[in-house]
Each structure stands twice: as structure tokens, then as C-alpha cells.
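Student: Dumping the structure here so I can ask a few things about it.
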Amino acid sequence: YFQDQSIAIIPARGGSTRIKNKNLQKVGGTSLLKNSLIACKESNLFKEIIVSTDSLDIANESEDFASIVHKRSKVTSSSISSTESVISEVINDLPKLFTERTLIYLIQCTSPFLTEKDLKESFNIIRNKNYDYSCLIAGYFTKKFIWMKNAETNIWEPINYIPNKRPRSQDHESLFIENGAFYAFGLSNFILTKCRIHGEVDVFSMEELRSIDIDEKADLDY
């Protein structure tokens with residue numbers, strides 16, 4: 001039942017600026033896009049695997065793995081277009097694929113170490129929830145000490161500890177950091193909120209070493 005209601009959406013724009021053809025760059029001999037497609041395909045979780053793109057090269061790379069290649073409009077293909085606008089466009093352009101009970105997995109292919117095991121394990125978490133009113137985000141736990149510059153005073157301030165009461169790292173409370181690898185959520189509440197994160201939020205933990213997001217060239221080199 002759940003697999004019949006689950007759809008993966010992979011946004012993959014062609015016009016990346018900081019890294020040319022970013023989604024087609026290879027890690028370990030496989031493009032970032034194809035790595036995400038393989039993880040989705042091998043998980044056997046999805047009724048449809050949709051790649052939304054404005055690029056013919058990306059469309060060609062999606063063959064044999066994506067069940068649908070969705071052609072993005074110019075409005076959703078700019079560098080300032082939100083991911084939510086892409087999701088909404090896919091839903092509006094392909095209405096027969098979606099029902100009120102559809103579970104959507106937003107997969108971001110700039111996370112090269114996402115595996116089918118991650119998808120399966122996260123699916124076992126969200127399938128036991130009322131995902132009409134909840135969502136699941138991927139990320140990692142950290143006990144690092146975090147600082148931020150106050151925009152008004154221009155002074156650096158600690159966010160998650162008091163310096164003169166600095167705890168031992170093993171005793172420090174963990175924070176959860178989104179890694180952007182994937183988000184899982186129900187269609188009905190996404191339509192209401194227009195946001196991938198809504199309702200009761202649960203987390204899926206990946207190792208920090210596998211949580212790198214390819215954003216800058218230095219990330220790809222690393």
C-alpha cells in the first residue's frame with residue numbers, strides 16, 4: 001500500500017553557476033544525479049521516480065532509472081527559484097499521479113552518499129506516522145560548539161553553550177543539522193503549507209561524514 005502511494009521527486013536544474021553541470025559531476029565514477037536515481041530505484045519504495053529538469057543532458061542521464069522526466073518551466077529553472085516551486089509545478093503538471101494519501105520524497109542529488117538503505121530505513125520511520133500531518137528530514141547529530149555573529153551588535157555569540165560553563169563534549173547536548181539529502185512528507189499538508197517541512201517533524205540520522213552537500217567546488221574536490 002505504502003509503495004503504491006510513494007513518489008520520489010528529484011529536482012535537477014541544468015544551469016548551475018558555482019559548479020558547471022553540477023548534477024552531472026561524478027563521484028566514484030557515477031554522476032550525482034545517477035547516484036540518487038540508483039538509490040531510489042534499488043530501494044523499491046516508489047511508484048514513480050520523477051526527475052524535474054530544464055536540461056536535455058540531465059534528461060538523457062535519467063534514462064533507465066527515472067520513470068518520468070518532467071520538463072521544468074523557465075519560472076522554476078532560475079537560480080532563485082525555490083525547491084518548493086518545483087515540487088508544486090510537478091504536482092500541478094502531473095495531477096493524475098497524486099492523491100491525498102501520496103507520500104513524497106524530495107531527493108536532492110547533491111548528496112552523493114545517500115543510499116537505498118537510508119531510504120528504506122527512513123521509510124520504516126515515516127510509514128508508522130500519520131504523514132498527512134508530519135514530515136521527516138535527513139541530517140546528522142553534532143556536539144560541536146556553535147557561534148554566530150549578532151547582526152545588531154556585530155559581536156560573536158555562542159549559540160548552544162555558556163563559555164564559562166563549557167561542558168565536556170561527551171556531556172554536551174546534541175544538535176541536529178539538516179544535510180539536505182532528502183525530505184519526506186505528505187501531499188495534503190504540503191499543499192496547505194507550501195513547505196517541505198511542516199507539522200510534526202521527525203529526523204533521520206546519517207553519519208556526519210556522509211552528510212556532505214556538494215555546493216561549492218571545494219566540496220566536490222573534497
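Student: Given only helices, namely DSSP H runs of n ≥ 4 each adding -39500 (n - 2.57), what is the per-residue ellipticity at 222 nm of the chain, to the nearest 500 deg cm²/dmol?
Tutor: -6500 deg cm²/dmol
Student: Using amide H atoms built in the peptide plane, which far-off residues or other-chain residues are under 5 Å from S6 H to H?
Tutor: K47, L103
Student: In the chain, what percentage of the DSSP-assigned beta bridges are antiparallel, given to the nearest 5?
Tutor: 45
Student: Same structure, new question: Which residue, I80, I19, I137, has the most motion in a Gaussian network model of the chain that connects Cα atoms within less than 10 Å?
Tutor: Largest GNM mean-square fluctuation: I80.
Student: Between (i) 156; (ii) 178; (iii) 129, which matches volume of the Cα convex hull per residue in Å³ calculated for the structure shown?
Tutor: Only one listed value fits the structure, namely (i).
Student: Which residue fluctuates the most in the chain, going by a Gaussian network model with Cα springs under 10 Å, if the choices are V90, V201, V51?
Tutor: Between V90, V201, V51, it is V201 that shows the largest mean-square fluctuation.
Student: Filter the cross-link list K117/K149; K47/K144; K117/K143; K74/K96 down to pairs whose alpha-carbon distance in this structure exceeds 28 Å.
Tutor: Violating the 28 Å limit, Cα to Cα: K117/K149; K47/K144.
Student: OK, next. What trypsin sites (Lys or Arg not before Pro) does segment 132-198 have in DSSP loop regions with at most 10 other beta carbons within 10 Å?
Tutor: Qualifying residues, ordered by number: R168.
Student: Turning to a different aspect of this structure: Springs between alpha-carbon pairs under 10 angstrom, Gaussian network model over the chain: which of F185, F145, F46 fluctuates most?
Tutor: Its mean-square fluctuation being the largest, the pick is F145.
Student: Sticking with this structure for a sec: Which cross-chain or sequence-distant (5 or more) residues have an amide H under 5 Å from the amide H of S55, H modelled 1.01 Å from N in plane?
Tutor: Hits under the 5 Å cutoff: G14.
Student: Also: For the chain, which whole-number percentage of the solvent-accessible area (1.4 Å probe, protein heavy atoms only) is attributable to carbon and sulfur atoms?
Tutor: The computed percentage sits at 51.
Student: Could you work out how far the C-alpha centroid of segment 14-32 sits from that of segment 185-209, in angstrom?
Tutor: Value for the Cα centre distance between the two parts: 26 Å.
Student: Per residue, how much accessible surface does the chain expose to a 1.4 Å probe? Answer in Å², no decimals.
Tutor: 55
Student: By the scheme Lys and Arg +1, Asp and Glu -1, what is the net charge of all other residues having a beta-carbon under 11 Å from that of T76?
Tutor: So the environment of T76 carries a net charge of 0.
Student: Any chance you could look up the accessible area of W156 with a 1.4 Å probe, heavy atoms only, rounded to 10 Å²?
Tutor: Taking all protein chains as shown, W156 has close to 150 Å².
Student: Explain nothing, just compute: Karplus ³J(HN,Hα) = 6.51 cos²θ - 1.76 cosθ + 1.60, θ = phi - 60°, for every residue of segment 146-156 in order, whole Hz, x for Gly and Pro.
Tutor: So the J values, rounded to whole Hz, are 10, 10, 9, 7, 5, 5, 7, 9, 6, 10, 6.
Student: Right, something else. Kindly write out, for segment 174-188 in residue order, the coupling ³J(HN,Hα) from the Karplus curve 6.51 cos²θ - 1.76 cosθ + 1.60 (θ = phi - 60°), rounded to whole Hz, with x marking Gly and Pro.
Tutor: Each residue's phi maps through the Karplus curve to give 6, 10, 10, 10, 4, 10, x, 4, 7, 9, 10, 7, x, 5, 4 Hz.
Student: What ³J(HN,Hα) values, in whole Hz, does the Karplus curve 6.51 cos²θ - 1.76 cosθ + 1.60 give for segment 210-219 when θ = phi - 60°, with x put for Gly and Pro?
Tutor: For segment 210-219, the Karplus curve yields 9, 9, 5, 10, 6, 10, 10, 4, 4, 5 Hz.
The values are calculated or read from the model by the stated rules, or taken from the named source; none is laboratory data. Since we're looking at a predicted model, the values are computed, not measured. Every residue, glycine as well, gets a Cβ built from its backbone with ideal geometry; the counts of neighbours run over all protein chains shown. These accessible areas exclude ligands, DNA and RNA; they are computed on the full protein's heavy atoms, side chains included. Shrake-Rupley method; radii C 1.70, N 1.55, O 1.52, S 1.80 Å.
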